[in-house]
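The values are calculated or read from the model by the stated rules, or taken from the named source; none is laboratory data. Note that the structure is predicted; figures quoted are calculated from it, not measured. Cβ sites come from the backbone with ideal geometry, for glycine too, and all protein chains shown count toward neighbours. Heads up: the accessible areas ignore ligands, DNA and RNA and are worked out on the full protein's heavy atoms, side chains in. Shrake-Rupley method; radii C 1.70, N 1.55, O 1.52, S 1.80 Å.
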Amino acid sequence: MLDPAFFQPWNKQAWTIANMLRKICRENAVEMTMPQVSSGDVQKNFGEYRAIAEEEPVYVSHYNKPSVVIVSAEEYARLKKRDKRAMATEDLPEWLVEQIANSEMDARYNHLDEDA
């Protein structure tokens, strides 16, 4: 999980959009295709899962609830670099673009649309 300090007031809208995308994915039953293991398994066999994470992300659950994803340092660096980049809607699946277009932001965040 990202450090809450990362989400400064200027970035609240991005945080809201990220949460909205997570909700849309859950509602549309978007499944994870990465290996899934319990935190106990990772603790007992960390070297094995670290090696797998060098090739692909490893999804870790704790008490049967989503907890963390183990990724290689290279993948983490790529993702952090991508955080600062905008994505074109052409890169998103059509169903997701439609969901975003038809969604409304919570009224609590209307102040984010105001000019500074």
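Looking only at the range 48-92, which residues are part of a helix (DSSP H, G or I), open to solvent by 100 Å² or more (accessible area, probe 1.4 Å) and of a type in the set (Ser, Thr, Tyr)?
Tyr76
When you check Ala29 against the structure, is it on the phi > 0 side of the Ramachandran plot and either assigned to a helix (DSSP H, G or I) or modelled with pLDDT under 85 (or both), yes or no?
When the stated conditions are applied, Ala29 passes them.
If the requirement is being at pLDDT below 90, more than 17 Å from the chain's Cα centre (by Cα), under 30 Å from Leu112 (Cβ atoms) and of a type outside the set (Phe, Trp, Tyr), which of these qualifies: Glu98, Glu55?
Glu98
Of all residues in the range 93-110, which are assigned to a helix (DSSP H, G or I) and surrounded by 10 or more Cβ atoms within 10 Å (Cβ to Cβ)?
Of everything in the range 93-110, those that are assigned to a helix (DSSP H, G or I) and surrounded by 10 or more Cβ atoms within 10 Å (Cβ to Cβ) turn out to be Trp95, Leu96, Val97, Glu98, Gln99, Ile100, Tyr109.
Looking at the range 70-95, I want the residues that are at pLDDT 85 or above and have a partner that is open to solvent by less than 90 Å² (accessible area, probe 1.4 Å) and in a loop (DSSP other than H, G, I, E, B) with Cβ atoms under 6 Å, at least 6 apart or on another chain. Which pairs are those?
Listed by first residue and then by second, the contacts come to Val71/Pro57.
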